[in-house]
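Undergrad: Take this structure first; my questions come after.
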Amino acid sequence: MTYLLVTNTISIQNLDFTYKGSAQKLINNLSLHIQKGDRFGIFGPNGAGKTTLMNLMTGLLPYSSGSIQLLGNEIKTNRNKIKTLFGFVPQDFSFYHELSPAENMEFFGAWAGLHKKQIKERTGELLNILSLTHVRDTPVKNFSGGMKRRVNLAIAVMHEPEILFLDEPTVGVDVQTRYAIIDYLKSLNEKGTTLVYTSHHLKEAEDLCNTVAMIDEGNIIVHDSLENLLKDHLQDGLEGLFLNLTGRAYRD
Amino acid sequence: MFKLWSTILKDFRILTRDKVGLTLMFLMPVVLAIVITSVQNSTFELVNENKIPLLIYNKDKKAVSIELEKALDKVGMFNINTIDTIKNGDDIKNHINTKDALIAAVIPENYSDKVLQKAKAVSRKALKDLDIPADPSAAVTDTAMNIILYYHPVLQQSFRKSIDGGLQSALQVVQSKYIVQSLYQYINDEAIPDSLENQIISNQTPVQQIAVSKGNMHGIPNATQHNIPAWTIFAMFFIVISLGSSVVREKLSGSIIRLRTLPTHFGISIISKEITYIIVTLLQAAVIFAIGKYLFPKMGLPALNIPHDISALLIVTLLCGWCAASFAICIGIFANTQEQANGFGAVSIVLLAAVGGLLVPSFAMPSSFQFIMRLSPLHWCLEAYYGLFLEEGNLKDIFTNITPLLTITILLQFLAWYGLKRKNLI
């Protein structure tokens, strides 16, 4: 008899979150489990709580009640340890524009806990993979939007994290760069990295994600494999599913 | 340590790529030091070496008024100009209005007669007290006539006061001389010999000025010695613009999000900025001191005398730099925008410089400001520097100045950490 051991990479239980000064809960008794090796997409209309949930999972926001565990480590009590487990690609460019990609990677690599030799090796490798070797010493401020997105991604994966959080990682890039980024993310996932992704670009999400959760008004409304969700809701694409579940009315 | 080193390297790279900011940080204080020292030095020379041009309109033209002109010349403060074309007070006003002269004195008609009459009257009173018979014809009024001093409104009060002092001194000499002559004449029935008159009138007690120093320095403090430390401190604290903005920029940019998700304490970033900018302030001080010592003499300005206790100078500079960096970081942490950091930073430094005695000497501060002055870190920096540059003291001598400076710096550190906690950055 063969046992298939399925482990949760991220486990969220009865999570509540309210912004300071606000009377309304933005995350309301939310529970969610993301399994190791998932390419997990979190979608929802504006203001649904996607970015807040992402910030809670990365420890950027402190939660008032409930539990979030990353690879079995409760965020609240293992803040430093969990920071070594994941990488984060924020929607904003999170690096120093005055520095070159190599200099940014050197700095953020050190902050991620890498040694000098590891930084040197990973920098060369990632710049090569993301086609940035020719501009490794050019200040990022002179780069196009697509190149900046690649730098943003390269820095996040410097320390080869087990979980990679991606908040709109391809905003404002051309089709070529988008495919290149998605292909790279898939290759990372094949090597074992769990991807947690959010975007409004649903065609791209359809291509990348194998598991999907829809969030609305601070709670998960559906959560299953993309294939099952499309089948269950009689939809042929993520966009149709999204509209079917969240409606067509403005949300902000 | 590798994390800290990488962060310092990052901060240095960012700093050195901001060429304009870097130029301003070094050029601004150098320009200030040169301009202010040159201006103060020329004022000093005007009063002490070049002499003040004084226009005299002598309506009297008799012995006593001519004697007064000579006495004014002897004071050594004035460059006397008696223009014959002046016919009346309006001519003088025209000269002043066109700034040919900034001050002019008018000696009234019959000035000599009046002074002589006054001398006789005073003598008579003195002799009457001694029961010595005096000339009954001397029973006249002892009122003297006014000397009118015209001045251009641009002349500051302190400047006018020193001019007035010089003028009073000359008048005193002339009037005393004629009183002495008159007294001698009554008593001895003959004119006073010149040698005796000189002995009586001339000052027998010359004043020697000695600058009090702890290190037996014999040099006279000059405008450079006063200005270089003051403007060095000003420059150090003006890093608030660059460092405060840098902290705000980091807080507002996306990089803070990534930094907070990495397994390194955000405090490393703050410590790195402090170290980077302390090094900047040390370099600023080195550049300004070097300019004071080597470039100023070539520009005709007095050279800066570097204190003999170099280690004390280094410690004070280091403490001033640390305090300046701590202040700037506090501003950066509490400001919500770069505009807030720049505006408040610049204004607060000018205010702290003003109450700290950098713009107005601390001894000249009103008593109500004496307490506020002690709250300004710039005041303690300046006092510590003056202890080394002007008094030639050592570290022990300036201990009472660096202790409050250190206390203020530590308080600023606590305030910065409190701000970081409050803003959920650590």
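Undergrad: Restricting to the stretch A:108-119, count the residues that are closer than 20 Å to B:LEU252 by Cα and surrounded by fewer than 24 Cβ atoms within 10 Å (Cβ to Cβ).
TA: Of the residues in the stretch A:108-119, the ones closer than 20 Å to B:LEU252 by Cα are A:108, A:111.
Now narrow it down to the ones that are surrounded by fewer than 24 Cβ atoms within 10 Å (Cβ to Cβ): none.
Total satisfying the criteria: 0.
Undergrad: Testing A:GLY41 on (1) facing chain B (nearest Cβ under 8 Å); (2) under 16 Å from the mean Cα position of the chain (by Cα), one condition comes back false. Which one is that?
TA: Status for A:GLY41: all satisfied but (1).
Undergrad: Does B:VAL360 meet the test of being touching a Leu at 6+ places or on another chain (Cβ under 9 Å), in the same structural domain as B:LEU411 (by TED's automatic domain parsing) and free of Cβ contacts under 8 Å to residues at least 40 places away in the same chain?
TA: Values: touching a Leu at 6+ places or on another chain (Cβ under 9 Å): no; in the same structural domain as B:LEU411 (by TED's automatic domain parsing): yes; free of Cβ contacts under 8 Å to residues at least 40 places away in the same chain: yes.
Considered against the rule, which asks whether it is touching a Leu at 6+ places or on another chain (Cβ under 9 Å), in the same structural domain as B:LEU411 (by TED's automatic domain parsing) and free of Cβ contacts under 8 Å to residues at least 40 places away in the same chain, B:VAL360 comes out as no.
Undergrad: B:ASN336: part of a loop (DSSP other than H, G, I, E, B), touching an Asp or Glu at 6+ places or on another chain (Cβ under 9 Å) and surrounded by fewer than 23 Cβ atoms within 10 Å (Cβ to Cβ), yes or no?
TA: Numbers: part of a loop (DSSP other than H, G, I, E, B): yes; touching an Asp or Glu at 6+ places or on another chain (Cβ under 9 Å): no; surrounded by fewer than 23 Cβ atoms within 10 Å (Cβ to Cβ): yes.
Judged against the criteria, B:ASN336 is not a match.
Undergrad: Residue by residue through the stretch B:291-313, note down the ones that are surrounded by 14 or more Cβ atoms within 10 Å (Cβ to Cβ) and farther than 16 Å from B:GLU391 by Cβ.
TA: B:ILE291, B:GLY292, B:LYS293, B:LEU295, B:PHE296, B:LEU301, B:PRO302, B:ALA303
Undergrad: Next question, about the same structure. Out of A:GLU125, A:GLU106, report the one residue that is more than 7 Å from every other protein chain (Cβ to nearest Cβ) and either under 22 Å from the mean Cα position of the chain (by Cα) or assigned to a helix (DSSP H, G or I) (or both).
TA: Numbers: A:GLU106 fails: more than 7 Å from every other protein chain (Cβ to nearest Cβ).
So the residue among A:GLU125, A:GLU106 that is more than 7 Å from every other protein chain (Cβ to nearest Cβ) and either under 22 Å from the mean Cα position of the chain (by Cα) or assigned to a helix (DSSP H, G or I) (or both) is A:GLU125.
This table checks each residue for (1) modelled with pLDDT of 95 or more; (2) out of contact with any helix residue (DSSP H, G or I) (no Cβ under 6 Å at 6 or more places or on another chain); (3) β-branched (Val, Ile, Thr); (4) closer than 21 Å to B:PHE237 by Cα.
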{"residue": "B:LYS298", "(1), (2), (3), (4)": "no, yes, no, no"}
{"residue": "B:HIS308", "(1), (2), (3), (4)": "no, yes, no, no"}
{"residue": "B:SER311", "(1), (2), (3), (4)": "no, yes, no, no"}
{"residue": "B:CYS330", "(1), (2), (3), (4)": "no, no, no, yes"}
{"residue": "B:ILE333", "(1), (2), (3), (4)": "no, no, yes, yes"}
{"residue": "B:GLN338", "(1), (2), (3), (4)": "no, no, no, yes"}
{"residue": "B:ALA341", "(1), (2), (3), (4)": "no, no, no, yes"}
{"residue": "B:GLY357", "(1), (2), (3), (4)": "no, no, no, yes"}
{"residue": "B:SER368", "(1), (2), (3), (4)": "no, yes, no, no"}
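Undergrad: Can I ask one more? Would you check which residues across the stretch B:1-36 are farther than 20 Å from A:LEU114 by Cβ and within 14 Å of another protein chain (Cβ to nearest Cβ) and list them?
TA: From the stretch B:1-36, those farther than 20 Å from A:LEU114 by Cβ are B:12, B:14-36; that's our starting set.
If the condition is that a residue be farther than 20 Å from A:LEU114 by Cβ and within 14 Å of another protein chain (Cβ to nearest Cβ), then B:PHE12, B:ILE14, B:LEU15, B:THR16, B:ARG17, B:ASP18, B:LYS19, B:VAL20, B:GLY21, B:LEU22 are the ones that fit.
Undergrad: If I ask for residues that are among the hydroxyl-bearing types (Ser, Thr, Tyr) and either within 11 Å of another protein chain (Cβ to nearest Cβ) or not in a loop (DSSP other than H, G, I, E, B) (or both), which ones from the stretch A:128-156 would you list? Break it down stepwise before answering.
TA: Taking the stretch A:128-156 and keeping what is among the hydroxyl-bearing types (Ser, Thr, Tyr), we get A:131, A:133, A:138, A:144.
Result: A:THR133, single match.
Undergrad: Just one of (1) outside any helix (DSSP H, G or I); (2) within 11 Å of another protein chain (Cβ to nearest Cβ); (3) modelled with pLDDT of 90 or more; (4) buried (at least 22 other Cβ atoms within 10 Å of the Cβ) trips up A:ILE68, so point out which.
TA: Of everything listed in (1) outside any helix (DSSP H, G or I); (2) within 11 Å of another protein chain (Cβ to nearest Cβ); (3) modelled with pLDDT of 90 or more; (4) buried (at least 22 other Cβ atoms within 10 Å of the Cβ), A:ILE68 misses just condition (2).
Undergrad: Does B:VAL39 meet the test of being modelled with pLDDT under 85 and more than 14 Å from chain A (Cβ to nearest Cβ)?
TA: Details: modelled with pLDDT under 85: yes; more than 14 Å from chain A (Cβ to nearest Cβ): yes.
Yes.
Undergrad: Quick check on my filter: what residues within the stretch B:383-426 are within 14 Å of another protein chain (Cβ to nearest Cβ) and either touching a residue at least 40 places away in the same chain (Cβ under 8 Å) or of a type in the set (A, V, I, L, M, F, W, C) (or both)? Talk me through it step by step, then tell me what you get.
TA: So in the stretch B:383-426, the residues within 14 Å of another protein chain (Cβ to nearest Cβ) come out as B:421-426.
Of everything in the stretch B:383-426, those that are within 14 Å of another protein chain (Cβ to nearest Cβ) and either touching a residue at least 40 places away in the same chain (Cβ under 8 Å) or of a type in the set (A, V, I, L, M, F, W, C) (or both) turn out to be B:LYS423, B:LEU425, B:ILE426.
Undergrad: Okay, next question. For the list (1) part of a loop (DSSP other than H, G, I, E, B); (2) in contact (Cβ under 8 Å) with a residue 40 or more places away in the chain; (3) within 13 Å of chain B (Cβ to nearest Cβ), I need the number of the one condition that A:GLY59 fails.
TA: For A:GLY59, the failing item is (2).
Undergrad: Run down B:LYS161, B:LYS128 and say which single residue is in a helix (DSSP H, G or I), modelled with pLDDT under 80 and loosely packed, with under 13 Cβ neighbours inside 10 Å. Can you show your working first?
TA: Details: B:LYS161 fails: modelled with pLDDT under 80.
After ruling out the rest, the residue left standing is B:LYS128.
Undergrad: Let me ask another. With (1) surrounded by fewer than 22 Cβ atoms within 10 Å (Cβ to Cβ); (2) at pLDDT below 90; (3) of a type in the set (A, V, I, L, M, F, W, C) as the list, and A:VAL140 as the residue in question, which single condition is left unmet?
TA: Failed condition: (2).
Undergrad: Any chance the stretch B:72-85 includes a residue that's at pLDDT 85 or above, buried (at least 18 other Cβ atoms within 10 Å of the Cβ) and outside any helix (DSSP H, G or I)?
TA: no
Undergrad: Would it be correct to say that A:SER94 is away from every other protein chain (no Cβ under 11 Å), touching a residue at least 24 places away in the same chain (Cβ under 8 Å), part of a loop (DSSP other than H, G, I, E, B) and under 22 Å from the mean Cα position of the chain (by Cα)? It would help to see each step written out before you state the result.
TA: Values: away from every other protein chain (no Cβ under 11 Å): no; touching a residue at least 24 places away in the same chain (Cβ under 8 Å): yes; part of a loop (DSSP other than H, G, I, E, B): yes; under 22 Å from the mean Cα position of the chain (by Cα): yes.
No.
Undergrad: Sticking with this one: Yes or no: the stretch A:73-84 includes at least one residue that is within 11 Å of chain B (Cβ to nearest Cβ) and either under 23 Å from A:THR170 (Cα atoms) or surrounded by 19 or more Cβ atoms within 10 Å (Cβ to Cβ) (or both).
TA: yes
Undergrad: Checking B:VAL280 against (1) buried (at least 16 other Cβ atoms within 10 Å of the Cβ); (2) within 14 Å of chain A (Cβ to nearest Cβ); (3) of a type outside the set (Phe, Trp, Tyr), which test does it fail?
TA: Result: B:VAL280 passes all but (2).
Undergrad: Looking only at the stretch B:233-270, how many residues end up being outside any helix (DSSP H, G or I) and of a type in the set (Gly, Ala, Ser)?
TA: At the first step, the residues of the stretch B:233-270 found to be outside any helix (DSSP H, G or I) are B:238-239, B:253-254, B:261-266.
Next cut, of a type in the set (Gly, Ala, Ser) only: B:253-254.
Residues flagged as outside any helix (DSSP H, G or I) and of a type in the set (Gly, Ala, Ser) within the stretch B:233-270 amount to 2.
The values are calculated or read from the model by the stated rules, or taken from the named source; none is laboratory data. Just so it is clear, the model here is predicted, and its values are computed rather than measured. Cβ sites come from the backbone with ideal geometry, for glycine too, and all protein chains shown count toward neighbours.
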